[in-house]
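Reading through the structure tokens given below for one structure.
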Ligand code: UFG
């Protein structure tokens, strides 16, 4: 099995590459290294340095015996997507069309796409399952939903089978330490906490402690990145076996508050984490928890990391 991982030098992508290599697959990484890291590249994987907006290069890279594509390369900062929609339209929409067109030309029939819980918007019921209404409240979530809709058409018209994986809060790092690249300007809770623990930031700002939750802070479903990576391998194999296109939530069904994340970090480090409570961040739902029953039933996927403490241990 030969898989092209587009965005394979990035955070989730590098974990997917590792999982594929560990499973014995041949891997080609296509990445422009704009946010991915050279040190995340595995010598066993072939590397093509390229941008998804470079259609000719993308198509050329696919014109070898590629069995499946995993598409992760995308802009992922929710706030930035609202301030600079043009950037997100270009990378996440035009880039997505290029990938589908290149696959169509190169006759690659299997695609696994990194989608997001952001396609749902504000949860109307919990836990959120795949039948939940789709009402993204930010441009980032809109771009993910548009790709899902495009894939449906390319499946009908070109026979490209796809699996869309809607990640909830991806967190942690490979526990063997194989993946060393870190985001230089982290936007998410756990990497920010790591910077505080490492003394690179003075304190963690907690966005809101007046939510209607058990301790006033937001509840999220943190899912370990190695568990996410495992789901990609399973999704590729399932499609290569001839099963139909599908969409799966990936989470743990276990909601954890920001205060609980802080307490778990303090248990892991044995130190008090400097924290400052500030106002709510616009667009944050109070609670976001996934039902991943469908992934469990159809993919045979179950997260191995079930406690936030274990996840934090791999992050720090
Ligand atoms: N938070 C803080 N302080 C920080 C950063 C985050 O208190 O400095 C809080 C947030 O308010 C939220 C929780 O920590 O309650 C998690 O925040 P993240 O920014 O880590 O993650 P989000 O839940 O906002 O975002 C995630 C993914 C997005 C996706 C979104 C919606 O990172 O890609 O879920 O599904 F779009």
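A simple packing score, the average count of other Cβ atoms within 10 Å per residue, orders the peptides 209-219, 165-175 as 165-175, 209-219, with the highest score first.
Can you tell me the orientation of helix 95-106 relative to the chain, as the angle in degrees between its alpha-carbon axis and the longest Cα principal axis, to the nearest 10? For helix 95-106, the angle is close to 30 degrees. Each label point was placed 7 Å from the Cα along the Cα-to-Cβ direction; for residue 272 and residue 157 their separation is 6.1 nm. For a label point 7 angstrom out from the Cα of residue 296 toward its Cβ, which stretches of the range 246-280 have the backbone nitrogen within less than 17 Å? Within reach of a label on residue 296, which here means backbone N under 17 Å from a point 7 Å along Cα→Cβ, the range 246-280 contributes 248-256. Between 0 and 90 degrees, the angle of helix 139-158 with respect to the longest Cα principal axis of the chain falls at about 30 degrees.
Averaging the Cα positions of each part gives two centres, and for the range 188-248 and the range 97-152 these lie 17 Å apart. Between residue 307 and residue 34, the modelled labels are 4.1 nm apart [label points 7 Å from Cα along Cα→Cβ]. Computed over the range 153-285, relative contact order equals 38 percent, with contacts defined as Cα pairs under 8 Å that lie 6+ residues apart. For the chain, the Kirkwood hydrodynamic radius from C-alpha pairs, put into Stokes-Einstein at 4 °C and a viscosity of 1.567 mPa s, yields a diffusion coefficient of 65 µm² per second. For the range 54-162, the relative contact order is 33 percent, taking Cα pairs closer than 8 Å that sit 6 or more residues apart in sequence and dividing their mean separation by the residue count. Compared with the direct C-alpha span, the chain from residue 183 to residue 67 gains 38.8 nm at full extension, assuming 0.36 nm per residue. Cα centroids of the range 278-316 and the range 11-29: 22 Å apart. Would the range 74-143 count as rounded, prolate or oblate if I go by the C-alpha gyration tensor, calling it rounded below 1.5 in a/c and otherwise prolate when a/b exceeds b/c, oblate otherwise? It comes out oblate by the Cα gyration axes. A simple spin-label model places the labels of residue 263 and residue 200 2.8 nm from each other, with each point 7 Å out along Cα-to-Cβ. Angle of helix 11-22 to the longest C-alpha principal axis of the chain, folded into 0 to 90 degrees and rounded to 10: 60°.
Bear in mind these aren't lab numbers, they're just calculated from the coordinates by the rules spelled out. Treat the numbers as computed from the prediction; the structure is a model and nothing was measured. Here Cβ is always computed from backbone atoms with ideal geometry, including for glycine, and neighbour counts include all displayed protein chains.
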